[in-house]
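A short write-up of the structure that comes next.
The values are calculated or read from the model by the stated rules, or taken from the named source; none is laboratory data. Here the structure is a predicted model, which is why all the values come from computation and not from measurement. Positions of Cβ are backbone-derived with ideal geometry, glycine not excepted, and every protein chain shown enters the neighbour counts. The protein model used for the area step is the full one, side chains on, heavy atoms only, and it has no ligands, DNA or RNA in it. Shrake-Rupley method; radii C 1.70, N 1.55, O 1.52, S 1.80 Å.
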Amino acid sequence: MLCGSLSACSVFHKQQVEGVVAEVNGQYLTCAELDDITRGMEDSAAVADAYIRQWATQIIEYAEAKDRASNELEAMVEDYRRSLYIHEYEQRLVTKYSPQTWQDSVVAAFYEQQQSRFVLHDNIVQGILLVMPLKTPQLANLKKWLTNLDEKNTEKIEKYAYRYATGYEYFPNEWKTTNQIALRLPLELEALQQQMKRTNQIIVEDSMSVYVLQLTDKHFIGEKMPLSYAKEEIEEVLLNRWKVTFLQQHREELYKDALRYNKLKIYEK
């Protein structure tokens with residue numbers, strides 16, 4: 001332990017509260033705290049000395065500054081302190097009582113009522129992407145299976161990917177932007193977007209691999225967002241609205257209770 005070798009510190013008194021290494025203005029720095037800070041350091045005594053100086057100086061300077069603080073500053077500090085307590089308290093309430101999920105009917109109703117706000121700013125797609133070495137066998141069969149994604153063909157594709165593919169992404173239920181897809185293909189974004197408009201099966205090669213992208217759904221900039229794509233944004237909006245209403249009601253209840261139980265008294269002017 002470091003506390004047994006603190007004679008290297010610049011100030012050291014024989015009389016000492018048990019387990020305490022330093023005291024200033026009635027505040028204590030314990031041996032355990034100092035040991036945690038200096039554990040594993042080569043020159044732990046020097047580090048301890050520097051830390052004690054910093055710890056004590058901050059306490060002394062804070063006390064000096066507080067004694068000389070203006071009324072305006074004290075009011076600002078108290079206001080900030082009050083705001084922190086209220087914010088933390090309300091966050092705990094929101095976490096405890098906020099809905100974890102929203103009914104599909106509520107999300108769909110909001111989607112229909114606010115259609116103008118759900119316009120795509122990115123091209124988005126769903127589908128399957130496979131990356132195979134050049135001259136991989138049965139590539140023609142793979143292309144056929146991809147054009148008809150029934151349960152039987154999906155199973156064939158998975159087995160094919162397991163055997164031959166160096167990369168495989170299955171996302172018929174997940175939206176990806178064309179920017180995300182372009183990062184996985186040896187194809188410029190503009191060229192990818194042009195091909196997307198012409199076909200649902202895009203095949204490109206580089207010097208080592210062949211890339212097969214099968215699109216199962218696609219939507220372009222300016223179109224209405226699919227509900228499944230807009231759902232996360234809708235749920236966030238619904239939650240924010242719920243928070244505002246919930247906190248307003250909570251504050252109103254606190255005010256009414258204060259009047260009811262005489263915690264608050266309002267006198268006539």
* Asked: Residues of the chain: accessible area per residue at 1.4 Å, in Å²?
  -> 71 Å²
* To do: Using only Cα atoms, tell me the angle between helix 227-260 and the longest principal axis of the chain; keep it within 0 to 90° and round to the nearest 10.
  => 30 degrees
* To do: Take the alpha carbon gyration tensor of the range 135-269, find the square roots of its eigenvalues, order them as a ≥ b ≥ c, and report rounded if a/c is under 1.5; if not, report prolate when a/b exceeds b/c, else oblate.
  => prolate
* Taking the Cα centre of the chain as origin and charging only Cβ (+1 Lys, Arg; -1 Asp, Glu), how large is the dipole, in debye to the nearest 20? -> 1140 debye
* Tensor-based shape of the range 103-183 (alpha-carbon gyration tensor, a/c under 1.5 rounded, otherwise prolate or oblate) -> prolate
* **Helix axis angle, 151-164 relative to the chain longest principal axis, alpha carbon, degrees** => 70 degrees
* Among VAL131, VAL212, VAL77, residue whose mean-square fluctuation peaks in a GNM of the chain (springs only between Cα atoms under 10 Å) -> VAL77
* Asked: Based on the mean of other beta carbon atoms within 10 Å per residue, what is the order of 115-121, 80-86, 229-235, 169-175, most packed first?
  -> 229-235, 169-175, 115-121, 80-86
* Asked: Relative to the present Cα-Cα distance, how much length would full extension add between GLU64 and GLN248 at 0.36 nm per residue of separation?
  -> 62.2 nm
* So how far, in whole Å, is the C-alpha centre of the range 70-141 from the one of the range 190-268? -> 6 Å
